[in-house]
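Report on the following structure.
Here, each number is a calculation from the coordinates, and none is a lab measurement. Just so it is clear, the model here is predicted, and its values are computed rather than measured.
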Amino acid sequence: MLAVLAAATAEAAVEAAQQINLPALAKLGAGLAAGLGTLGAGVGIGIVFGKSIESAARQPEALPLVQRLMFMGFALVEAQALYALVIAFMLLAAK
């Protein structure tokens, strides 16, 4: 009984593997990479600017240091979105 079930499952797996459309999966992965990457960048940028405004309000004399660190954090978070975009383009170019 188990051997019949295992054979049927193996045949179903082979049939399902033959029906997978790889370019469609690559496009799905590209969309997910771009969407989740920019979502993470948006949240990160919101946190960076929110905390910098909060710290500048608490210590106005530290504003030059806060601004410098804020723009450094912004650049790092924005680089994450660019990496996600590059991965999306790489997935779209996959054959």
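The table that follows gives values for the structure above.
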{"quantity": "Principal-axis tilt of helix 2-19 within the chain, Cα atoms, nearest 10 degrees", "calculated": "60 degrees"}
{"quantity": "Acute angle (nearest 10 degrees) that the helix 63-93 long axis makes with the longest principal axis of the chain, alpha-carbon atoms", "calculated": "20 degrees"}
